[in-house]
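Only the coordinates and a few stated rules stand behind these numbers; no lab work does. What you see is a predicted model, and the numbers here were worked out from it, not measured in a lab. Cβ atoms come from the backbone with ideal geometry, glycine included; neighbour counts cover every protein chain shown.
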2 protein chains.
Amino acid sequence: MSDAGTQRIPDLPSHAAVVNVGLSLFADAVAAQGHPLAVVDWRIPAGGDARLVAALGRLYGRSAAAIDRANAEVVRRLDQPSPQIVSVAAAGAVVPGLEGRMLLHPGPVIAYEQVCDPLRRSMRAAVVAEGWAADSAAAEAALASGAIRLDSANLHDTVVPMVTALGPSQPVWVVEHPRAPRRTFAPINQGPGETPWFGRDTQGAIGRLRLLAGAVGPVLAAAVEAHGPIDVLGLAGQGVQMGDDVHIRTQASTNLLIRSLLPQLVGSSHPARVEVARLISANHLFFLTAAMAAARALVGWAEEVEGASIVTTMARNGTEFGIRVAGSPDWHVAPAPPIGQALYYPGQGPETSARDVGDSAVLELVGLGGAAAGGSPSVAAFVGGTMADAQAMTAELDLICAGRSSRFKLPNLDWRGTPLGIDVRKVIELGITPKVTTGILHVSDGSGQVGAGVATAPIGCFEEALLALDRATGR
Amino acid sequence: MSDAGTQRIPDLPSHAAVVNVGLSLFADAVAAQGHPLAVVDWRIPAGGDARLVAALGRLYGRSAAAIDRANAEVVRRLDQPSPQIVSVAAAGAVVPGLEGRMLLHPGPVIAYEQVCDPLRRSMRAAVVAEGWAADSAAAEAALASGAIRLDSANLHDTVVPMVTALGPSQPVWVVEHPRAPRRTFAPINQGPGETPWFGRDTQGAIGRLRLLAGAVGPVLAAAVEAHGPIDVLGLAGQGVQMGDDVHIRTQASTNLLIRSLLPQLVGSSHPARVEVARLISANHLFFLTAAMAAARALVGWAEEVEGASIVTTMARNGTEFGIRVAGSPDWHVAPAPPIGQALYYPGQGPETSARDVGDSAVLELVGLGGAAAGGSPSVAAFVGGTMADAQAMTAELDLICAGRSSRFKLPNLDWRGTPLGIDVRKVIELGITPKVTTGILHVSDGSGQVGAGVATAPIGCFEEALLALDRATGR
């Protein structure tokens, strides 16, 4: 068994007189008497589930050396490369397999009848914007009939945020990575307000998709071509030091990207360039999808490593939460969780909230999002208010990770790297799943975003992944 | 006497067995024996200088209530208003009294023969760029003969960074403040590299001034007019939460300003707009002078308060360091200090460094620069490397300040406001002068910036200010 359990004492007092392991009754009594005390938060591994404990015994036992070796390679692949944005293009022109009347959606493959309300709305808006239906009702009919093919974006080297439904007309960031097997993609972010990625299917939302296809894509394509390759994660690294978690908050990274592209944007001759600039200037999450495409490139190279226990896909379709582990194409799914620690818009709350959705949790796999919470005053607002609360979120993820980022460092934690490489063994051993910073959408009325918060991944898919790994390593 | 001395114990241990006041010999012995110990860093007030102690006795004694009242009003004026950038214009068209062949320089009034080498070079470059001399030699002759008038920028409601010499052709930010008596001004920052504000007088440096006058000014003037008023300190407040001290580091604030102006810059029809965008995009200190102009507006309103002991001007001409106190037009000067804690470019060091220079220390008077060091990883690099080192810089300034900012808050210090309102009484009582984050220029060879670091204000000018205040309050 690993020593992950004992890592839960970040600062062992130098003069502790009592060490308490496990249940806190004894510790409480000692503390009440005013004596120095160190508490080891020991838990029964895997909650005592015999099947899981047996699997853990093998995976930490005779298989441990091989797994640790593979994991080290996965961590290296998640940590070191610098994927670059090389162009912006219409998805249909570059994304492999995105052909005909087809939409890519977040998370694991899903049948239309199981799709949640906000993602359905987004799909309908996309179908109308693509010109495959005259209105929302016709779009619904086309989707229900199966005339529009649906597929998981991840199966096309693509990641999409929230309930984005990606059609071929929509512009995507194209990312290259010196070692990854294929290019990766993510849509140009649709921005704030009346937009399909927030589950809206109004005329305004459909208009936004047309503006993206007709103006934002071409302006950015020319700007990126004139600029040359953009080191996305280099910018993200600066953003982390400026308070971004680069998931729920990408303000600093967005501004760095805008500043980089300023001369090329000012040089645009597109007739709609000012409208495009206005949209970009108002979008605090402009960087989000650029970071996602780069993160997808990292996991795309890492997932080729055989025999590791590190998660390389973590994605939600609004109905199911799915993960994949390096070296295996199999998805392990569990029901999508509600979003726990949250701040809601006035009049909104858990009862009006859709479940956790989107491919953006790929960021948590590479040291961003919840991993970088400890440096982000904005995330702190969601998890208690103080930087200590946000730091606790990073510290918790540290317990279930195999390494630390050498690229994303937190100044107020003595420049410690963010946790990297979620190990399903540690997840099951400690019963701790990753936390994901995310937006929250209305469950049913199409009004869009209702808040933001922190989702906790369900344990079920990690249990399945552990058992599959145990089988694959020939128990 | 105030209780400022005891504030030096930020966290008094709850179980201290020994309290040591003053000299540390006894404390050292206690500590060596391993006993708990609290150290009160008590010092003889004013270093025991009888004149100063007597003045302090009066200013903390029978005059205290009136001074404290006036100080509270000064702090309120430094803290609350939101000066706005309303336009960009050529200095000669808007700065009062900048007429004919005249240059405005940083710091107190100075005769040309006493001007340091880098400021002379900057003045020569300005004279050539203004078209008042054909070359540097002719400019030198014109300056030496008195044909070019020189005056302190501060006397014209203007502040200039480093060794900037401001001629009438140069574009300035124009700042309005709802309550300040007059508009305030600061030049559009000249940017990195071969530039006069770093003490260079090459053809490239002269060319930069012409580009600023001919293209940068007009492009920004049109952009600001199209945008409408800009809440400079609102942006600075966000910048502080993103690691800017908004003096030596303005990266985040600069990017926020660029993002704000993006639609208007993209909408420019100026033939040189791309060249201008390239210059702005490459200038991490683009925001610096905008912040200075806004800070000058705050102190401009604050300096009208009579009978306070708060510093409202702190400016250096490279030869002298000068301060003024609210309610008095008198300058109190001391020799400009060398720059202490510094990082140098390769091959450079104290012996090749000019002395502390520029009006940018106005930022330290309003809660920025050294006051905001505790939130800035970049400043940390200059003062020891860790955030704790940077926080110590903010904590030290706290000891000599009368209040805290409600606008500039440090997330990693539990959202505490930065110190605000430097009280000359506390400076003299504790023998602690403000620290100023700043760039460093070559002392004599015109090669420009050689490093950056932290200057410590000389005590002499504060002693003079205290004695003048004591006389003015009718001892």
Starting from a Cα-only point model with no solvent, please compute log10 I(q)/I(0) by Debye for region B:111-152 at q = 0.21, 0.24 1/Å.
-0.56, -0.74
If you scale each eigenvalue of the Cα gyration tensor by 5 and take the root, what three semi-axes come out for region A:159-217, rounded to whole angstrom and sorted largest first?
24, 12, 8
For chain B, go through all pairs of different Cα atoms, get the mean of 1/r, take its inverse, and jot down that Kirkwood value in Å.
22.7 Å
Percent antiparallel among DSSP beta bridges confined to the protein assembly as shown, nearest 5, equals 85 percent
Could you point to the residue in B:Pro335, A:Ile248, B:Gly421 farthest towards the positive end of the protein assembly as shown's charge dipole, with +1 and -1 charges on the Cβ of Lys/Arg and Asp/Glu respectively?
A:Ile248
Distance in Å, no decimals, from the C-alpha centre of region A:261-315 to the one of region A:341-391 is 20 Å
Okay, helix-only estimate at 222 nm for chain B: each DSSP H run of n ≥ 4 adds -39500 (n - 2.57), divide by all residues, round to 500 deg cm²/dmol; what do you get?
-10500 deg cm²/dmol
Sorted by chain and number, the residues with a modelled amide H under 5 Å from that of B:Ser405, at a separation of 5 or more or across chains, are B:Thr418, B:Leu420
Return one quarter of the surface area of the convex hull spanned by the alpha-carbon atoms of region B:282-435, equal to its mean projected area, in nm².
10.0 nm²
So for chain B, averaging the separation of alpha carbon pairs under 8 Å that are six or more residues apart and normalising by length, what relative contact order in percent results?
19 percent
I need the P(r) histogram for region A:125-200: all alpha carbon pairs, bin width 10 Å from 0 out to the longest distance, whole percents.
17, 45, 28, 8, 1
With a ≥ b ≥ c the root eigenvalues of the C-alpha gyration tensor of region A:84-295, is it rounded (a/c under 1.5), prolate (a/b larger than b/c) or oblate?
prolate
Given just the C-alpha atoms of the protein assembly as shown, how large is their convex hull per residue in cubic angstrom?
185 Å³
In region A:64-144, GluC sites (Glu not before Pro) in a DSSP loop with at most 10 other beta-carbon atoms within 10 Å
A:Glu99
Show me, for region A:143-149, the HN-Hα J-couplings you get by feeding each phi into the Karplus relation (A = 6.51, B = -1.76, C = 1.60, θ = phi - 60°), rounded to Hz, glycine and proline as x.
5, 5, 7, x, 5, 9, 6
Add +1 for every Lys or Arg and -1 for every Asp or Glu among the other residues with Cβ under 13 Å from the Cβ of A:Leu265, and state the total.
+4
Using each residue's phi in region B:390-405, evaluate 6.51 cos²θ - 1.76 cosθ + 1.60 at θ = phi - 60° and report the 3J(HN,Hα) Karplus result to the nearest Hz, with x for Gly and Pro.
5, 5, 5, 5, 5, 5, 5, 5, 3, 5, 10, 10, 8, x, 10, 5
Taking the alpha carbon gyration tensor of region B:323-414, what are the square roots of 5 times its eigenvalues, largest first, to the nearest whole Å?
23, 23, 9
Sparse-neighbourhood loop sites, GluC sites (Glu not before Pro) in region A:227-317 - DSSP loop, at most 13 other Cβ within 10 angstrom
A:Glu306
Range of Cα positions in region B:173-269 per principal axis (Å), largest first
39, 32, 32
Dividing the surface of the Cα convex hull of region A:327-371 by four yields a projected area in nm² of 4.6 nm²
Compute the length gained on full extension between A:Arg58 and A:Tyr344: take 0.36 nm times their separation in residues and subtract their Cα-Cα distance, giving the result in nm to one decimal.
98.5 nm
Got a sec to turn the phi values of region A:346-351 into Karplus ³J(HN,Hα) couplings, 6.51 cos²θ - 1.76 cosθ + 1.60 with θ = phi - 60°, whole Hz, x for Gly and Pro?
x, x, 10, x, x, 6
To the nearest whole number, what is the average tally of beta carbon atoms from other chains within 10 Å of the beta carbons of peptide A:260-272?
5
